[in-house]
Amino acid sequence: GAGGSVRPFVNFNAKHDAEVLHRAMKGIGTDEDAILMLLTARSNDQRQQIKAAYKKAYGKDLVSALKSELGGLFESLIVALMTPPVSYDASQLQKALKGAGTNDEVLIEIMASRTGEQIKEIIKVYKKEFGGKLEKDICGDTTGHYQKLLVILLQGSREEGVDESKIEKDAKDLYAAGEGKFGTDEEKFITILGNRSAEHLRKVFDAYKKISGSDIEDSIKGETTGNLEDLLLAVVKCARSVPEFFAERLYKSMRRAGTDDDTLMRIMVSRSEVDMLDIRASFKKKYGASLYTTIQVLLTQTQSCYQPSTGVSVYFTSGFL
């Protein structure tokens, strides 16, 4: 893959950057564009160094200083940029789980797309920052087969490589568990989709198509509903291609009446150093338009929500893409 769109800045000087940010916040009004242009041109690791340099020079926390100057979506964006990736995922999960109701969309997106290693790190950081066990909190908010699959994904222990001897059997088992019988054997879906490696699953999906004549996605849509269906589909899509999964998420977040800013921002921030270039390529291939143009058109239409600054649009378009 082509990787991320945000790369470490070459002639990096944390102390100098801290001064630039300090000046941008001094005096009357805040120069939001200057803040954004600087932060989006640095990697997350470099932003952490700027934070340390700022504290050393001015004796206060950079994120708190920025928060006191900004508001709304712009503030959320800056805070997201300044948070280390694993902490950001942990805080998104905590937000999705706390309070009344669960934001299943966030839960599904993160649990289906992160690697086993990332999930193990998220669990550690979640405990450290929120004092709770992620598994316990997820189990407190979810039920049934949906909960079981989330718990399997939380183990972060997908098998590695392809087991040739299992491909045909897995495909037949999935067929027998769904389309091939009256009622659905969800356990089979959960065990196979939750534990096999992505490359193994891609071969299983090909074999499945030969057996049933349709894609595994169609079978899942026909056999399951609600959160379980959404999670199974997300797992299948991520096994096929993580960048394509995110391209579709972005597209959907922009199709809603009034853009789903949270989703747009969460994906942009969390994938910027991972696979944003691949997401862009997938988006173009799938929807025939560039992600850049699509977001720009969108932002021109909804500019009013992005007050006080137009910086957010600058960020999404030039800083990120």
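The numbers here are math on the coordinates, done by the rules we state, and not lab data. Nothing here was measured: the structure is a model prediction, and the numbers come from that model.
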For LYS166, counting only lysines whose alpha-carbon sits under 22 Å away and dropping same-chain residues fewer than eight positions off, the answer is LYS181, LYS188, LYS203, LYS209, LYS210, LYS237
Can you tell me the 0 to 90 degree angle between the C-alpha axis of helix 226-240 and the longest principal axis of the chain, rounded to 10? 80
Note to self, the chain gives a 222 nm [θ] from helices alone (DSSP H runs n ≥ 4, -39500 (n - 2.57) apiece, / all residues, nearest 500) of -21500 deg cm²/dmol
Treating the angle as unsigned and between 0 and 90°, give the value, to the nearest 10°, between the Cα long axis of helix 261-271 and the longest Cα principal axis of the chain. 90
For the range 164-240, max minus min Cα coordinate along each principal axis, in Å, sorted largest first? 32, 24, 20
Whole-Å semi-axes of the chain's equivalent ellipsoid (Cα gyration tensor): 39, 21, 18
Among SER76, SER68, SER272, whose mean-square fluctuation peaks in a Gaussian network model of the chain (Cα, cutoff 10 Å)? SER68
How many angstrom lie between the Cα centre of the range 91-105 and the Cα centre of the range 142-185? 26
Among SER212, SER43, SER270, residue whose mean-square fluctuation peaks in a GNM of the chain (springs only between Cα atoms under 10 Å): SER212
If one takes the longest principal axis of the Cα atoms in the chain, at what angle in degrees, from 0 to 90 and to the nearest 10, does the Cα axis of helix 116-130 lie? 50
